[in-house]
Amino acid sequence: QKIGEKAMRLAEETFPDARLWTLFCVREDEKNTHFYEKLGFYKTGVERKLAPNITLIGYERRTNT
């Protein structure tokens, strides 16, 4: 359905002057991490352990436009 990709595209269209996009994602959710990496996000190295099986990892993506 590509809803996630459409949502990111809408965010980019809504904020065309944004140069840095940041987010946190649950490391244990491989589908989610793969999705953001596919969109060009990369891990920042920031991690926060919330629970034994939940670790948030930071991602960011810079734009050139």
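The values are calculated or read from the model by the stated rules, or taken from the named source; none is laboratory data. Quick caveat: nothing in here was measured; it's all calculated off a predicted structure. Heads up, the Cβs are rebuilt from the backbone with ideal geometry, glycines too, and the neighbour counts pull from every protein chain shown. Ligands, DNA and RNA are excluded from the accessible area calculation, which covers all protein heavy atoms including side chains. Shrake-Rupley method; radii C 1.70, N 1.55, O 1.52, S 1.80 Å.
Things worth noting here:
- Carbon and sulfur %, accessible surface of the chain computed with the full protein complex present, 1.4 Å: 54
- Listed peptides 51-62, 14-25 appear in the order 51-62, 14-25 once ranked by packing, highest mean of other Cβ atoms within 10 Å at the front.
- For the chain, the dipole from Cβ point charges (+1 on Lys and Arg, -1 on Asp and Glu) about the Cα centre works out to 60 debye, to the nearest 20.
- Around Leu39: net Lys/Arg minus Asp/Glu count, Cβ-Cβ under 11 Å: 0
- Estimated at 0.36 nm per residue, the fully extended path between Glu28 and Arg9 surpasses their Cα-Cα distance by 4.3 nm.
- For the stretch 37-50, backbone phi angles converted through the Karplus equation (6.51, -1.76, 1.60; θ = phi - 60°) give residue-by-residue couplings of 5, 5, 7, x, 6, 10, 5, 8, x, 7, 9, 9, 7, 9 Hz, Gly and Pro being listed as x.
- Degrees, to the nearest 10: 3-14 long Cα axis against longest axis of the chain: 50
- Surrounding net charge for Ala7, when Lys and Arg each add one and Asp and Glu each subtract one, Cβ distance under 15 Å: +2
- The chain, accessible area per residue, ligands and nucleic acids excluded (1.4 Å, Å²): 77
- Equivalent ellipsoid dimensions for the stretch 2-47 as semi-axes, Å, which come from the Cα gyration tensor, largest first: 20, 14, 7
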